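Remarks on the structure that follows.
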Amino acid sequence: MDGIGDVAVGVKRGSDELSMYNSPNSGMSSISDGASNGSDSKKLRVEEAPPSRVLHIRKLPNEASETEVIALGLPFGKVTNILTLKGKNQAFLEMSTEEAAITMVNYYATVTPHVRNVPVYIQYSNHKELKTDAGNQRTQAVLQAVSAVQSGGSPSSDVQEALAAASSPVLRIIIDNMFYPVTLDVLQQIFSKFGTVMKIITFTKNNQFQALLQFSDSVNAQQAKLALDGQNIYNSCCTLRIDFSKLVNLNVKYNNDKSRDYTRPELPAGDGQPSIDTSMAAAFSKDSNSLLGALNPLSAAAAAAAAAGRVALAGQTGANGVLLVSNLNDEMVTPQSLFTLFGVYGDVQRVKILYNKKDSALIQMSDANQAQLAMSHLNGQKMYGKIIRVTLSKHQTVALPRDGLDDQGLTKDFANSPLHRFKKPGSKNFQNIFPPSATLHLSNVPQDVSEEDLRLLFSNTGGTVKAFKFFQDHKMALIQMSTVEEATQALIDLHNYNMGGNQHLRVSFSKSTI
């Protein structure tokens with residue numbers, strides 16, 4: 001390598017004044033370059049030349065194939081033509097747009113491109129397009145194959161090599177229309193279908209959730225991008241937008257809910273960030289059928305289960321873990337009833353019914369993701385006969401009344417409640433979070449309690465029991481009310497109901513119908 005002085009980004013006037021001739025070797029039009037092997041750029045005056053969609057590539061190794069040259073351009077856009085000068089170790093690559101060519105030159109100005117581990121040099125050509133012999137079938141076939149892959153085909157063997165060289169092993173992922181929270185674990189589950197995921201970093205930029213994800217191999221990254229770009233993680237929402245990152249290696253300092261290096265489990269959790277509980281990860285891997293298979297989007301119900309993964313991972317009270325609930329039935333609602341209902345989607349820490357506006361309440365969840373989950377499931381549902389509105393509050397926390405001040409029981413602290421469903425990492429509750437439904441799942445049913453007992457108990461909440469089914473062991477059952485509102489009421493009234501002998505009934509929404 002001649003050193004950095006040999007990298008000429010920008011056009012050399014003179015060296016790229018090309019004469020067209022038909023080469024008997026290649027069977028296609030070739031271009032002769034003034035330089036014998038492209039190594040005399042130091043002798044030539046380097047001028048800033050106008051960008052062109054045709055790029056001149058020098059110092060290619062003798063054995064470099066067209067596919068590998070095309071691979072240099074693939075991450076930046078569509079490659080529309082190629083011309084190789086075998087004897088001169090040079091090639092010309094035509095991109096579909098000037099913009100793609102500019103991006104490519106700018107990128108390779110900072111990261112030296114390599115073909116077969118040999119550094120190569122890329123600059124703009126004086127030619128605005130490549131005029132080659134269109135009859136050259138092999139080149140056209142390679143271009144068509146690559147173009148098919150870019151538009152969603154599967155990689156054929158002759159471009160597999162190109163794909164490996166083309167792409168960085170790091171993908172940049174943007175999630176559009178994020179109706180449910182998407183966690184680092186969900187991404188790992190989805191993308192590991194295509195190869196070994198080594199590192200993930202998540203962050204929010206321009207109010208959008210984004211991630212950088214590194215595979216062990218760039219071919220896996222290419223295949224994941226082809227298969228998943230534009231797909232929804234969950235039904236009709238959380239659309240994946242995937243590009244190659246300009247980075248080729250991620251530097252992960254901490255293993256927590258924002259970043260993870262799967263090759264270095266010993267990394268610290270970092271500043272105030274909870275570390276990852278291994279039982280949580282285990283719970284996720286066991287529950288793989290509720291996560292995205294290669295291309296099968298999840299049901300909205302399973303989406304919630306996947307999203308709930310963030311619950312145990314976050315733990316800290318992040319921004320906007322507080323919800324504002326309005327249009328409540330002020331004659332019926334209590335902090336306890338709100339705790340029970342919102343507790344289906346996260347661990348409620350505090351509830352405050354507003355003193356001067358008793359049809360509104362502030363509810364503090366454990367973190368922002370739980371708040372998001374509760375909001376997406378409960379906004380627009382009926383509670384005590386009224387359609388409730390749930391939005392994120394600007395408050396960061398819910399304040400408790402000052403000592404000695406009686407606020408008529410409107411504020412309640414549930415931080416130490418034994419009824420939190422998601423306190424235990426890896427709990428099955430993470431896999432069983434579903435939208436409000438007319439069918440309820442009951443568990444912890446005492447052996448001596450009959451179907452008749454349960455039907456009577458649930459009809460006493462003011463609703464009509466439509467159907468009932470015990471599971472085989474009689475400790476669990478499904479009960480179907482006539483409406484979602486009736487089921488919601490029954491859940492509020494009967495979750496944690498003492499069935500005698502200190503056995504407390506557990507009630508949650510079910511995805512099943514009877």
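The values are calculated or read from the model by the stated rules, or taken from the named source; none is laboratory data. What you see is a predicted model; the values in this text were computed from it and never measured. When we count neighbours, we look across all protein chains shown, and the Cβ atoms used for this are built from the backbone with ideal geometry, even at glycine. Surface accessibility is based on the protein's heavy atoms, side chains included, excluding ligands, DNA and RNA. Shrake-Rupley method; radii C 1.70, N 1.55, O 1.52, S 1.80 Å.
Miscellaneous remarks
- Accessible area per residue, Å², the range 434-514 with all protein chains present, probe 1.4 Å: 49 Å²
- Carbon and sulfur %, accessible surface of the range 424-483 computed with the full protein complex present, 1.4 Å: 48 percent
- Each Lys or Arg adds one and each Asp or Glu takes one away; over the other residues whose Cβ falls under 9 Å from the Cβ of N327, this sums to +1.
- Here is the tail figure for the range 355-465: Cα pairs spaced more than 17 Å apart come to 71 percent of all pairs.
- Accessible surface ranking for E129, E68, 1.4 angstrom probe, highest first: E129, E68.
- Using the 1.4 Å probe convention, the accessible area of the range 329-393 works out to 35 Å² per residue with neighbouring protein chains retained.
- The stretch between Y497 and L400, if pulled fully straight at 0.36 nm per residue, gains 32.2 nm over its current Cα-Cα span.
- Sorting 408-416, 96-104 by their mean Cβ neighbour count within 10 Å, with the most densely packed peptide first, gives 96-104, 408-416.
- Equivalent ellipsoid semi-axes, the range 63-135, via Cα gyration tensor eigenvalues times 5, rooted, Å: 17, 17, 11
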